[in-house]
Amino acid sequence: MEISVCRSGDVALLDRYMGSPGATSFHARRFARQEAEECTYLVAWLEGRPVGHAEMRWTGCAAPEVTLDCPEIGGLAVWPEELRSRGIGTELIRAAEELARERGLTTVGIGVGKDNPRAAGLYARLGYRPVTDYLDRYSYRDHDGTTRECADACTFLVRELSSGHLDVKPA
């Protein structure tokens, strides 16, 4: 598996293999935010096809309930389902954390849906701790042209990053 920063040509492949609900391409929206330097959109590749993605949002969480000033890992997904629990999500999170370290940042946040205990367990194992509950609000245009407004009950978690360097003590 390889993780890379999304390129413009990757958006169509992401839409093909990991489609968005409705007619709105979430991948195109994330790529546009990357072009505006609001995020870095990471893509996991396996045998030449996208199998996961995560967005490191430098602007932080947009929910008004989350008042922390830290970047947020969002849009984390692994698809197809049979590839879950094989380390792809963990590697995407680690890659996003490394991007934060490279910018000298020490805290990273991530949101998890209250209806997603599997992801919550992963984030806890990686050292993320709950801070506050919030509603993740987003919208998309359905195939019939209707705009769908969504609000998912979530918990915002944070992790303090280490320098990433191992401290080696003399024997």
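The values are calculated or read from the model by the stated rules, or taken from the named source; none is laboratory data. Owing to the predicted nature of the structure, the values given are computational and were not obtained by experimental measurement. So basically every Cβ, Gly included, is an ideal-geometry build from the backbone, and we count neighbours across all protein chains shown. SASA here: full protein model, heavy atoms, side chains in, ligands and nucleic acids out. Shrake-Rupley method; radii C 1.70, N 1.55, O 1.52, S 1.80 Å.
Values as computed for the structure displayed
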read-out	value
Some residue of the range 92-100 being in a loop (DSSP other than H, G, I, E, B) and modelled with pLDDT of 95 or more	no
Residue, modelled with the lowest pLDDT, within the range 117-147, restricted to residues that are in a loop (DSSP other than H, G, I, E, B) and open to solvent by 100 Å² or more (accessible area, probe 1.4 Å)	143
Lone qualifier among 154, 150 - being modelled with pLDDT under 95, assigned to a strand (DSSP E or B) and open to solvent by less than 80 Å² (accessible area, probe 1.4 Å)	150
Filtered residue count, the range 5-29, keeping only those that are open to solvent by less than 30 Å² (accessible area, probe 1.4 Å), more than 18 Å from residue 80 (Cα to Cα) and modelled with pLDDT of 95 or more	1
Test: residue 57 is without any contact (Cβ under 8 Å) to a residue 24 or more places away in the chain, under 25 Å from residue 153 (Cβ atoms), out of contact with any Ser or Thr (no Cβ under 7 Å at 6 or more places or on another chain) and of a type outside the set (Asp, Glu)	no
Qualifying position, being in contact with a strand residue (DSSP E or B) (Cβ under 6 Å, 6 or more places away or on another chain) and under 24 Å from residue 147 (Cα atoms), among 29, 33, 16, 84	33
The range 73-98, residues that are open to solvent by 40 Å² or more (accessible area, probe 1.4 Å), under 13 Å from the mean Cα position of the chain (by Cα) and without any contact (Cβ under 8 Å) to a residue 60 or more places away in the chain	76, 94
Any chance residue 70 is outside any strand (DSSP E or B) and either open to solvent by 70 Å² or more (accessible area, probe 1.4 Å) or in contact (Cβ under 8 Å) with a residue 12 or more places away in the chain (or both)	yes
Tally of residues being open to solvent by 30 Å² or more (accessible area, probe 1.4 Å) and of a type in the set (A, V, I, L, M) across the range 30-57	3
